[in-house]
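Chemist: Here it is: the structure, laid out below.
FYI, it's all coordinate maths here, none of it is from the lab. In this text, all values refer to a predicted model and were calculated from it rather than measured experimentally. Note: ideal-geometry Cβ built from the backbone for every residue, glycine included; neighbour counts use all protein chains shown.
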Amino acid sequence: MSGKILIIEDEKAIVDILRFNLVKQGFETMEAYDGEEGLGLALSESPDLILLDLMLPKMDGFDVCRALREKDPVTPVIILTAREEENDKVVGLELGADDYITKPFSMRELMARIKANMRRTVQQPPRGKIGENCLVVGDLILNADSCEVFHRDQPVQLTAKEYELLKHLMGHPDKTVSREELLEKVWNYEYFGDMRTVDVTVRRLREKVEDDPAQPRYIITKRGMGYMLKS
Ligand code: CA
């Protein structure tokens, strides 16, 4: 695998082991030991993915995530959180992170999460063109070749997980899809994972593709069952 990964973490021992393993896997890494420096690098260096600790000096991970998302809605962010901080991951997801991993984690688990969240790089995207690899529902167009989404001909900036979630739902219009299925297909969680991850990402997606996120036209909640994309 290749790509540039920004590690924002103040514990040097964790940074060292992350860097060692990521470089071994073929990634390039950049490190920041506090939130301010991390946000600066995230904005100036355009990493392909960000690993973000929450408890950081100068600026905590939540503030980094919030500030980053104001300027950059797409770079995947994986939160590194301690197991006892169960609620933090939901707050992080609400602020725009894409995924989380709980410390202590295995490198195998981390690599799987990185792979699942890396944005696909696309060569010469056929911008906005409706081709055979396009999904169209109402005024929503998802181009699976270029990985672009348009709502009323306006491009919609989605993170990798928001995109995958929308793609899965648009691929099964008018069908109720359970949150378990979405976790498995979109997040590649097979035996674990938090259903709230799905709910939070749906909420964020609605804010980007619905005219009124409180009265969704496309992504409908099927209470107790899951979600459905209405054609
Ligand atoms: Ca820390």
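Chemist: Could you tally the net charge around ARG152, taking each other residue with its Cβ under 15 Å from the Cβ of ARG152, Lys/Arg +1 and Asp/Glu -1? Intermediate results must be reported in sequence, preceding the final value.
Modeler: Numbers: positive: LYS208, ARG217; negative: ASP139, GLU148, ASP153, GLU210, ASP211, ASP212.
Surrounding charge for ARG152 is -4.
Chemist: While we're looking at this one, here's another question. When averaged across all projection directions, what area in nm² does the alpha-carbon convex hull of the chain cover? Don't jump to the answer; show the numbers that get you there.
Modeler: Values: hull surface 50.1 nm².
The orientation-averaged projected area of the Cα hull of the chain comes to 12.5 nm².
Chemist: Something else about it: Could you work out the local net charge near THR29, counting Lys and Arg as +1, Asp and Glu as -1, over the other residues with Cβ closer than 12 Å to its Cβ? Please list the in-between numbers first.
Modeler: Values: positive: LYS4, ARG19, LYS24; negative: GLU9, ASP16, GLU28, GLU31, GLU45, ASP48.
So the environment of THR29 carries a net charge of -3.
Chemist: Could you give P(r) for region 135-231, binned at 10 Å from zero, as whole percent values over all Cα-Cα pairs?
Modeler: 16, 55, 26, 2
Chemist: Given +1 on the Cβ of Lys and Arg, -1 on the Cβ of Asp and Glu, and no further charges, what dipole in debye does the chain carry about its Cα centre, rounded to the nearest 20? Display every interim value, and only then the final one.
Modeler: Working: 33 positive and 42 negative charges, 172 e Å.
The dipole magnitude comes to about 820 debye.
Chemist: Can you list residues whose amide H is under 5 Å from CYS134's amide H, if they're 5+ apart or on another chain and H is modeled 1.01 Å from N?
Modeler: ALA144
Chemist: Would you mind calculating the relative contact order of the chain from Cα pairs under 8 angstrom and at least 6 residues apart, reporting the percent as a whole number?
Modeler: Details: 393 pairs, mean separation 30.9, N = 231.
That works out to 13 percent.
Chemist: Using θ = phi - 60° and the Karplus curve 6.51 cos²θ - 1.76 cosθ + 1.60, what whole-Hz ³J(HN,Hα) does each residue of region 63-69 get, with Gly and Pro shown as x?
Modeler: Working through the residues one at a time gives 5, 4, 4, 4, 5, 4, 5 Hz.
Chemist: Another one. For region 1-75, give the magnitude of the charge dipole about the Cα centre (Cβ charges: +1 Lys/Arg, -1 Asp/Glu; no others), in debye to the nearest 20. Could you put the intermediate results ahead of the total?
Modeler: Numbers: 8 positive and 16 negative charges, 51 e Å.
That gives a dipole near 240 debye.
Chemist: Next question, about the same structure. Among the listed pairs LYS103/LYS161; LYS24/LYS71; LYS24/LYS115, which have their C-alpha atoms separated by more than 23 angstrom in this model?
Modeler: Values: LYS103/LYS161 21 Å; LYS24/LYS71 31 Å; LYS24/LYS115 15 Å.
Among LYS103/LYS161; LYS24/LYS71; LYS24/LYS115, the Cα-Cα distance tops 23 Å for LYS24/LYS71.
Chemist: Take every DSSP beta bridge with both residues inside the chain and express the antiparallel ones as a percent of the total, to the nearest 5.
Modeler: Around 50 percent of the beta bridges assigned by DSSP in the chain are antiparallel ones.
Chemist: For region 107-118, in order, what is each residue's ³J(HN,Hα) by Karplus, 6.51 cos²θ - 1.76 cosθ + 1.60 with θ = phi - 60°, in whole Hz (x at glycine and Pro)?
Modeler: Here the 3J(HN,Hα) series is 5, 4, 5, 4, 4, 5, 5, 5, 4, 5, 9, 5 Hz.
Chemist: Where the centre of each part is set by its Cα atoms, how far does region 5-59 sit from region 168-231, in angstrom?
Modeler: The distance from the Cα centre of region 5-59 to that of region 168-231 comes to 30 Å.
Chemist: Counting only helical runs of four or more DSSP H residues, what would the 222 nm mean residue ellipticity of the chain come to if each run contributes -39,500 (n - 2.57) and the total is spread over all its residues? Could you put the intermediate results ahead of the total?
Modeler: Values: 8 runs with 88 residues, N = 231.
Helix-only estimate at 222 nm: -11500 deg cm²/dmol.
Chemist: Let me check I have the definition right: for region 181-231, take the eigenvalues of the Cα gyration tensor, multiply each by 5, take square roots. What are those semi-axes in whole Å, largest first?
Modeler: On the way: eigenvalues 90, 25, 17 Å².
They are 21, 11, 9 Å, listed from largest to smallest.
Chemist: To the nearest 10 degrees, how steep is helix 160-170 against the longest Cα principal axis of the chain, on a 0 to 90 scale?
Modeler: Approximately 20 degrees, to the nearest 10.
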